[in-house]
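The values are calculated or read from the model by the stated rules, or taken from the named source; none is laboratory data. Every value quoted in this text rests on a predicted model; they were computed, and no experiment measured them. When we count neighbours, we look across all protein chains shown, and the Cβ atoms used for this are built from the backbone with ideal geometry, even at glycine. Calculation scope for accessible area: heavy atoms of the full protein, side chains included, ligands and nucleic acids excluded. Shrake-Rupley method; radii C 1.70, N 1.55, O 1.52, S 1.80 Å.
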Amino acid sequence: MIIADFFKASDNKLKGFSVSGHSMTAESGFDICCASVSSAVMLTANLVTDAFKEDANVKVSDNEIKLKLGKDAEGTGDKLVLGLLEHLYFIGEQFPGAVKVSVIEIDG
């Protein structure tokens, strides 16, 4: 299962996300669900950091990507993260049981 956790501050703005896992809906290289999630996550991370030059820290490991918006993020970053959240909900509806999306309240 793909686990997508989104982090929301007390001001209701999204501050980042962590996405990990595999959908296991098909064998590697043929898994449309995994490819869809991976593409959406990478597009969002690249838009935040490269296109909009938002203050953000991105960490990529073998099976996980984390993005944390910095204190100097100007507002576009949280909207892009919201777009990813909505998109992953949609992918989860198309592939029941393959994607779990959660919004976690954080301090600050």
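Okay, here's what the table says:
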| item | result |
| --- | --- |
| In nm, spacing of pseudo-spin labels at Val58 and Asp5 (7 Å Cα→C-beta vector) | 2.1 |
| Spatially near lysine pairs across the chain, Cα under 14 Å, sequence gap of 8 or more or different chains | 15 |
| In degrees, nearest ten, helix 76-94 long axis to first principal axis of the chain (Cα) | 20 |
| Global form of the stretch 17-56, assessed from the alpha-carbon gyration tensor, a/c cut-off 1.5 | prolate |
| Full-extension gain in nm, Lys71 to Ser102, via 0.36 nm per residue minus C-alpha separation | 8.9 nm |
| Karplus 3J(HN,Hα) series, Hz, for the stretch 14-23 with 6.51 cos²θ - 1.76 cosθ + 1.60 (x for Gly, Pro) | 6, 10, x, 7, 9, 10, 8, x, 9, 6 |
| Within the accessible area of the chain (1.4 Å probe), percent carbon and sulfur | 52 |
| Kirkwood Rh, Cα atoms: Rg over Rh of the chain | 0.97 |
| Environment charge of Leu43, counting only residues whose C-beta is closer than 15 Å and scoring Lys/Arg +1, Asp/Glu -1 | -2 |
| Net +/- balance of residues flanking Phe52 in space, Cβ distance below 12 Å, scoring K and R +1, D and E -1 | -3 |
| For Ala56, residues with placed amide H under 5 Å, excluding near neighbours | Gly70 |
| Residue-averaged [θ]222 nm for the chain, counting only DSSP H segments that reach four residues, each worth -39500 (n - 2.57) | -10500 deg cm²/dmol |
| Cβ charges +1 (Lys, Arg) and -1 (Asp, Glu), total dipole of the chain, debye | 100 |
